[in-house]
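Peer 1: Sharing a structure with you now.
The values are calculated or read from the model by the stated rules, or taken from the named source; none is laboratory data. The structure presented is a predicted model; accordingly, all values stated were derived computationally and were not measured. Counting neighbours? That spans all protein chains shown, and the Cβs are built from the backbone with ideal geometry, glycine included. Calculation scope for accessible area: heavy atoms of the full protein, side chains included, ligands and nucleic acids excluded. Shrake-Rupley method; radii C 1.70, N 1.55, O 1.52, S 1.80 Å.
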Amino acid sequence: MQTAQVDRAATTTHDDRTADRATGQPTISVRGLWKIFGPAEPKIAGSPLLELTNAEFRLRTGSTIAVRDVSFDVSPGEVFVVMGLSGSGKSTLVRCLTRLIEPTLGQVLLDGEDIRAADEQRLRELRRRRFAMVFQHFGLLPHRRVIDNIAFGLEIRGEPKASRLARADKMLSLVGLEGYGGQYPDQLSGGMQQRVGLARALAGDPEVMLFDEPFSALDPLIRREMQNEVLRLHHEVGKTMIFITHDLAEALKLGDHVVIMRNGQVVQAGSPQELVAHPADDYVADFVRDVPKSHVLTLRWIMRDAREDDPADGPEFGPDTVIRTVIHAAATSDKPIRVVEAGRLLGVVDRAHILEAIAGHLEPGQVEPGRVEEPGPTPAT
């Protein structure tokens, strides 16, 4: 398997970006979602055939299980990544969320509203105003200028020309394409065309943005640039984003929450740190084996409880600081790193823990995230 090079933020992970997000009802909730292709689909609800393996099901029914009993929640403002190899069901899954592909069983809830119960008119409204999709193939209209491509969704909504062009012009600036509005798509590079696709998706001010492997056809350097662009835009506009990819490095770089799929099922779900530190099985472990752990794990994951004999001073960092960031401080101080949040000492990190992380010797099960327990309620007497 190819070595994954993870280009994380220099000082903090996505945990830092999510600190101020609203809590409560998820933006999207998926419950027991299935998608079956083939003659068995119309009569499969409640059938014991659903207990069969994918191969057995295909032999018995002549049908294919593309998504098998998938459930997850996407929080407001989160970058939620679904990762898997070809044939894992990830692209089918994202298309089921907006019913571009009709799910066979299960629920898809947007702010509590069941998307599967929406009639055609309501579904069109949701797609035009609440969702936006960015695909691998840009789908730009070659005979229209860049500014008109960006404004196309607003035109479909029936918005006045002046207001939609003004909005499109703002989106041009947001994605760094000032001055290109009068050009045509074939006059732009692949990366610039994908920026137009991003601007078009943002123009309608959607609640949820869905990305289906949008950068997989781009050259590596342009791909990295576009990944950084997504992170920048996410920081600026705070949209809920669901991102589909087959690339582990991309998943770890972009995701606040990552789901790994195989054969239509969720194999593991969690933060990038959880996947790297605690792979659920050999399949996930093989994926993350070559990931530089010091580029992904944070001090929260390797800190230990403070002891009375620890120095009262020393270098201080927040718990969500990426390990590689503290290497210089650890090397130039004979005191352990103090992990502090809001003036409160959460724990300390010894130099040995940092060296183990750099060397990649933190094997599954060895690292446990540090936890500070809050006092619970006093038991009734």
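Peer 1: Sorted by accessible area with a 1.4 angstrom probe, largest first, how do GLU316, GLU308 fall?
Peer 2: Details: GLU316 105, GLU308 190 Å².
I get GLU308, GLU316, largest accessible area first.
Peer 1: Taking the Cα centre of region 56-141 as the origin and placing charges on Cβ (Lys, Arg +1; Asp, Glu -1), which of LEU140, LEU109, LEU85 is farthest toward the positive end of the dipole?
Peer 2: LEU140
Peer 1: If you wrap a convex hull around the alpha carbons of region 214-298, what volume per residue comes out, as a whole number of Å³? Can you show the working numbers first?
Peer 2: On the way: hull volume 9.6 nm³, N = 85.
Per residue, the Cα convex hull of region 214-298 comes to 113 Å³.
Peer 1: Over the chain, what percent of the accessible surface lies on carbon and sulfur atoms, probe 1.4 Å?
Peer 2: On the way: 8900 of 18260 Å².
Within the chain, the accessible surface is 49 percent carbon and sulfur.
Peer 1: Here's something else I'd like to know. I'm checking a number: the convex hull volume of the Cα atoms of the chain, normalised per residue, in Å³. What is it?
Peer 2: On the way: hull volume 76.5 nm³, N = 381.
Convex hull of Cα atoms, per residue: 201 Å³.
Peer 1: Quick one: which of 237-244, 142-149 comes out on top by average Cβ neighbours within 10 Å, and what's the full order, highest first?
Peer 2: Numbers: 237-244: 21.1, 142-149: 17.4.
Ranked by mean Cβ neighbours within 10 Å, highest first: 237-244, 142-149.
Peer 1: Over region 179-332, calculate the relative contact order: mean separation of alpha carbon pairs under 8 Å at least 6 apart, over the residue count, as a percent. It would help to have the intermediate numbers written out before the result.
Peer 2: Working: 126 pairs, mean separation 21.1, N = 154.
With pairs under 8 Å counted, the relative contact order is 14 percent.
Peer 1: Of the beta bridges DSSP finds with both residues in the chain, what % are antiparallel, to the nearest 5? Before the final figure, lay out each step's value.
Peer 2: Values: 27 of 48 bridges.
Just about 55 percent of them are antiparallel.
Peer 1: Right, here's the next one. Give the relative contact order (percent, whole number) for the chain; include only Cα pairs under 8 Å separated by 6+ residues.
Peer 2: On the way: 690 pairs, mean separation 75.3, N = 381.
Here the relative contact order equals 20 percent.
Peer 1: Also, I was wondering about something else. When only the heavy atoms of the protein chains count and the probe is 1.4 Å, how do LEU141, LEU59 rank by accessible area, highest first? Intermediate values should be presented prior to the final figure.
Peer 2: On the way: LEU141 50, LEU59 155 Å².
If we order LEU141, LEU59 from most to least accessible, we get LEU59, LEU141.
Peer 1: Related question: Calculate the translational D of region 78-205 in whole µm² s⁻¹ from Stokes-Einstein, where the hydrodynamic radius comes from the Kirkwood formula applied to all Cα pairs, the temperature is 10 °C and the viscosity 1.306 mPa s. Walk me through the numbers before you get to the answer.
Peer 2: Working: Rh = 16.1 Å.
Answer, rounded: 99 µm²/s.
Peer 1: So for each of 254-267, 345-358, 113-126 I average, over its residues, the number of other beta carbons within 10 Å; can you give me the resulting order with the highest mean first? Write out the running numbers ahead of the final one.
Peer 2: Values: 254-267: 21.6, 345-358: 19.1, 113-126: 13.3.
Top to bottom by mean Cβ count within 10 Å: 254-267, 345-358, 113-126.
Peer 1: Same structure again: For helix 220-237, report the angle its Cα long axis makes with the longest principal axis of the Cα atoms of the chain; keep it between 0 and 90° and round to the nearest 10°.
Peer 2: In the chain, helix 220-237 runs at an angle near 90 degrees to the longest axis.
Peer 1: Using a simple spin-label model with points 7 Å from Cα along the Cα→Cβ vector, what separation in nm is obtained for ASP282 and LYS161?
Peer 2: 6.5
Peer 1: Now for a different question. Using helices alone, what [θ] at 222 nm do you get for the chain, with -39,500 (n - 2.57) per DSSP H run of 4 or more residues, divided over all residues and rounded to the nearest 500? If you can, show how the numbers build up before the last one.
Peer 2: Working: 15 runs with 126 residues, N = 381.
Dividing the helical sum by the residues of the chain leaves -9000 deg cm²/dmol.
Peer 1: While we're looking at this one, here's another question. For the chain, with a Gaussian network of springs between Cα atoms less than 10 Å apart, report the residue from THR61, THR104, THR92 with the top mean-square fluctuation.
Peer 2: Most flexible of the set in this elastic network: THR61.
Peer 1: Positive end of the dipole of region 197-266, charges at C-beta (+1 Lys, Arg; -1 Asp, Glu), about the Cα centre: which of ALA199, ILE260, MET226 has its Cα farthest in that direction?
Peer 2: After comparing all options, I get ILE260.
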